[in-house]
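**Q** I have a structure I would like to understand better, so I am pasting it below and will then ask my questions one at a time.
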Amino acid sequence: MAETRTEALHQNAGGLDIQAPAAILSALANAQVEAAAAVRGAIPEIAIAAEIVAETLRGGGRLAYAAAGSSGLMALADALELPGTFGIPRDRIAILIAGGDEAFRTLAGGPEDNTEEAERAVAGAGLSAKDCLIAISASGTTPYAVRALEEASRRGAATIAIANNAGTPLLKLAGTAVLLETPPEVIAGSTRMGAGTAQKIALNMLSTLAAIHLGHVHDGYMVNLHADNIKLRKRAARIVAAITGRDSADAERLLEQSGGAVKVAVLLAAGVGSADAAAKILEGTGQKLRPALSAVEGSRRQETSALIKNRT
């Protein structure tokens with residue numbers, strides 16, 4: 001059987017254990033940079049995957065992640081932050097990790113071979129044709145991830161695979177395949193390092209682009225954030241102030257009127273009469289703030305034009 005890239009030895013790893021600490025750390029840092037650079041080659045596929053995820057969430061479906069080991073931790077990190085960062089409801093996200101909750105304490109290797117657990121996890125999540133599953137595996141052969149993807153596909157869900165080895169089962173079976181061709185690890189086979197870094201970057205890119213498609217980002221601001229602590233409430237106020245040009249006191253007042261909804265607060269600042277009216281405008285623009293602001297400005301110009309005409 002041919003050796004895969006994720007199991008091969010890095011070209012600069014020879015004699016690693018007898019090098020000076022600074023030299024070892026330099027080699028490790030350089031390898032992380034190399035791994036991160038590999039993500040650029042997958043940009044077209046990540047763009048396709050992001051559109052699929054956005055369509056799924058826009059249509060009322062759910063986004064599921066399936067993985068084992070270190071890849072499971074990358075999936076978990078991405079999935080858990082989507083509600084707070086982009087306001088995606090928690091019940092629209094499912095996290096399927098080999099070993100279940102116990103994996104967060106031991107991360108044992110055995111569960112990644114358990115294909116029956118993968119089937120049960122997909123069934124328990126109730127995935128259907130409305131939903132989308134992202135399966136992640138550095139090797140591209142992890143039985144849990146492969147079986148979860150197969151079962152999700154059988155149920156009609158859209159499937160996306162992220163793997164670091166070309167031509168592997170996970171990539172071949174997926175509707176959309178994202179290959180992250182990272183170089184061999186400095187510690188051969190330790191895919192929590194370079195491969196994991198590339199996976200984290202790719203997942204960040206994918207979910208952020210999906211959120212942009214959904215209207216949750218405006219000029220680089222997370223305008224659909226869920227402000228459930230002091231830090232995020234202050235951030236929400238800063239975002240409203242930055243977009244509207246209002247001072248912090250006005251921004252906080254507008255947020256209070258909007259029930260904490262940043263986009264609604266911005267529209268109130270633009271002259272919309274009530275939070276309900278602002279929410280209705282956003283509904284008509286697919287929750288996108290820029291066209292909503294344009295609609296408000298257009299309506300204002302029409303009213304001004306009508307007023308001038310009546311006076312003449």
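The values are calculated or read from the model by the stated rules, or taken from the named source; none is laboratory data. The model shown is predicted, which means the values in this text are computed figures rather than measured ones. All Cβ positions, even for glycine, are placed from backbone atoms using ideal geometry, and neighbour counts span all protein chains on display. These accessible areas exclude ligands, DNA and RNA; they are computed on the full protein's heavy atoms, side chains included. Shrake-Rupley method; radii C 1.70, N 1.55, O 1.52, S 1.80 Å.
**Q** Under 6 Å by Cβ, and 6 or more places apart or on different chains, what pairs join a residue from the range 11-37 that is touching a residue at least 40 places away in the same chain (Cβ under 8 Å) and closer than 12 Å to Met193 by Cβ with one that is open to solvent by less than 60 Å² (accessible area, probe 1.4 Å) and assigned to a loop (DSSP other than H, G, I, E, B)?
**A** From the range 11-37, the pairs are Ala13/Val186; Ala27/Val186; Leu28/Val186; Ala31/Val186; Glu34/Pro183; Ala35/Thr182.
**Q** Of the residues Ala118, Ala177, which is part of a strand (DSSP E or B), open to solvent by less than 60 Å² (accessible area, probe 1.4 Å) and either out of contact with any Pro (no Cβ under 9 Å at 6 or more places or on another chain) or touching a residue at least 40 places away in the same chain (Cβ under 8 Å) (or both)? Give the derivation first.
**A** On the way: Ala118 fails: part of a strand (DSSP E or B).
Unique residue meeting the criteria: Ala177.
**Q** Would you check which residues across the range 220-234 are within 20 Å of the chain's Cα centre (by Cα) and farther than 15 Å from Ser258 by Cα and list them? Don't jump to the end; show me each part of the working.
**A** At the first step, the residues of the range 220-234 found to be within 20 Å of the chain's Cα centre (by Cα) are 220-228, 232.
Matches in the range 220-234: Gly220, Tyr221, Met222, Leu232.
Residues are listed down the side, and each one gets a yes or a no for (1) aliphatic (A, V, I, L, M); (2) open to solvent by 10 Å² or more (accessible area, probe 1.4 Å); (3) more than 21 Å from Ile93 (Cα to Cα); (4) at pLDDT 95 or above:
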position: Pro183; (1), (2), (3), (4): no, yes, yes, no
position: Ala188; (1), (2), (3), (4): yes, yes, yes, no
position: Met205; (1), (2), (3), (4): yes, yes, no, yes
position: Met222; (1), (2), (3), (4): yes, yes, no, no
position: Lys231; (1), (2), (3), (4): no, yes, yes, no
position: Ser248; (1), (2), (3), (4): no, yes, yes, no
position: Arg253; (1), (2), (3), (4): no, yes, yes, no
position: Ser258; (1), (2), (3), (4): no, yes, yes, no
position: Ala269; (1), (2), (3), (4): yes, yes, yes, no
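**Q** Can we say Glu51 is modelled with pLDDT of 95 or more, of a type in the set (D, E, K, R), farther than 19 Å from Lys200 by Cβ and surrounded by 13 or more Cβ atoms within 10 Å (Cβ to Cβ)?
**A** Details: modelled with pLDDT of 95 or more: yes; of a type in the set (D, E, K, R): yes; farther than 19 Å from Lys200 by Cβ: yes; surrounded by 13 or more Cβ atoms within 10 Å (Cβ to Cβ): yes.
When the stated conditions are applied, Glu51 passes them.
**Q** Related question: What tally of residues in the range 94-115 results from selecting those that are among the charged types (D, E, K, R) and part of a loop (DSSP other than H, G, I, E, B)? Working first, answer last.
**A** Narrowing the range 94-115 to residues among the charged types (D, E, K, R): 101-102, 105, 112-113.
Next, from what is left, pick out any that are part of a loop (DSSP other than H, G, I, E, B): 105.
Number satisfying all stated conditions: 1.
**Q** Of all residues being buried (at least 21 other Cβ atoms within 10 Å of the Cβ) and more than 15 Å from the chain's Cα centre (by Cα) in the range 80-115, which is nearest to Val262 (Cα to Cα)? Just the residue, please. Break it down into steps so the answer makes sense when it comes.
**A** Pass one, the range 80-115, residues buried (at least 21 other Cβ atoms within 10 Å of the Cβ): 82, 86, 88, 96-99, 111-112.
Add one more test, that the residue is more than 15 Å from the chain's Cα centre (by Cα), and what stays is 96-99, 111-112.
Working: Leu96: 31, Ile97: 33, Ala98: 37, Gly99: 38, Pro111: 42, Glu112: 41 Å.
Among residues in the range 80-115 that are buried (at least 21 other Cβ atoms within 10 Å of the Cβ) and more than 15 Å from the chain's Cα centre (by Cα), the one nearest to Val262 (Cα to Cα) is Leu96.
**Q** Something else now. Looking at the range 1-12, is at least one residue under 14 Å from the mean Cα position of the chain (by Cα) and open to solvent by less than 10 Å² (accessible area, probe 1.4 Å)? Steps first, answer last, please.
**A** Narrowing the range 1-12 to residues under 14 Å from the mean Cα position of the chain (by Cα): none.
Checking the range 1-12: not a single residue is under 14 Å from the mean Cα position of the chain (by Cα) and open to solvent by less than 10 Å² (accessible area, probe 1.4 Å).
**Q** Now for a different question. Being touching a Ser or Thr at 6+ places or on another chain (Cβ under 6 Å) and more than 20 Å from Gly215 (Cβ to Cβ) is true for just one of Glu116, Glu112, Glu102. Which residue is that? Give the steps one after another, and end with the answer.
**A** Details: Glu116 fails: touching a Ser or Thr at 6+ places or on another chain (Cβ under 6 Å); Glu102 fails: touching a Ser or Thr at 6+ places or on another chain (Cβ under 6 Å).
So the residue among Glu116, Glu112, Glu102 that is touching a Ser or Thr at 6+ places or on another chain (Cβ under 6 Å) and more than 20 Å from Gly215 (Cβ to Cβ) is Glu112.
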